[in-house]
Amino acid sequence: MSEFKAVRRIFTAVQTYNAVPETVFPLLCPVREYDWIPKWDCELLYTDSGVAELGCVFSTRTSTTRIGGDWEEVWVVSRYAPDEAIEFVKLAAGKYVVKYDISLVPKGEAETVATWTQTVTGLSEEGNRLIGERSEEEYADVARAIEVRMNHYLDTGAKMAAAH
C-alpha cells in the first residue's frame with residue numbers, strides 16, 4: 001500500500017452573465033468555447049451530437065511556464081442538465097483530477113448567476129505540489145476573466161482579442 005496522501009482543494013466563484021441560462025448553457029461546450037474563449041484549443045474525442053452531452057470526451061493541453069509543464073488533460077462531461085448545470089471531470093494523468101461543477105440560476109429576466117466549483121485532487125506528489133501552489137486569488141482572477149469573456153461575447157457576439 002502506498003504512503004501517498006492526496007491533497008484536495010475546493011475553489012468556488014460566482015459570476016453574473018448578461019443573458020438567460022438558455023443562452024449561456026450551450027456556450028459551456030468544448031465546441032462552442034471556440035466562439036468566446038481566445039486561444040481555446042481542444043480535440044473532440046467522442047460525442048454523438050457533435051457538441052457537449054453526457055459522456056462527451058475531449059482533450060486539451062496545459063502548457064505554462066508558471067507550473068513548469070506541458071501535458072494532455074482528458075475531460076469527460078459527467079453531468080448534463082440543459083440550462084441548469086454541467087459538470088466536467090478533467091484528468092491530468094499522474095498529476096491531478098479536477099471536477100468542475102457549473103450551475104446556472106436565472107436572475108431577473110435577462111441575467112444568469114453561475115456558480116463554478118472546482119474540486120482538485122492530487123494524484124501524485126507533483127500533483128499535490130501544483131495544487132498547493134494555486135492561490136485563491138489566482139482562481140478568482142481566472143474566474144473573473146471567464147466572466148468578462150463570456151459577457152463580452154454575450155453583449156457583442158464576438159470573441160475578445162487574445163491577451164499577449
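The values are calculated or read from the model by the stated rules, or taken from the named source; none is laboratory data. None of these values were measured; they are calculated from a predicted model. Quick reminder, even Gly has a Cβ in these numbers, built from the backbone with ideal geometry, and neighbours come from all protein chains shown.
Worth a mention:
- Check on T12, within 24 Å of E109 (Cα to Cα), in a strand (DSSP E or B) and of a type outside the set (A, V, I, L, M): no
- Of the residues making up region 118-160, those that are more than 22 Å from E22 (Cβ to Cβ), among the β-branched types (V, I, T), at pLDDT 95 or above and within 14 Å of the chain's Cα centre (by Cα) number 2.
- None of Y34, Y46 is of a type in the set (F, W, Y), under 16 Å from I146 (Cα atoms), surrounded by fewer than 17 Cβ atoms within 10 Å (Cβ to Cβ) and at pLDDT 95 or above except Y34.
- Residue ID - surrounded by the most Cβ atoms within 10 Å (Cβ to Cβ), chosen from residues in region 61-88 that are at pLDDT 95 or above and of a type in the set (S, T, Y): Y80
- Output for region 83-128, where each listed residue is under 14 Å from T62 (Cβ atoms), assigned to a strand (DSSP E or B) and out of contact with any Lys or Arg (no Cβ under 9 Å at 6 or more places or on another chain): L91, A92
- Among residues of region 137-164, those that are closer than 10 Å to W36 by Cβ, in a helix (DSSP H, G or I) and not β-branched (V, I, T), counted: 6
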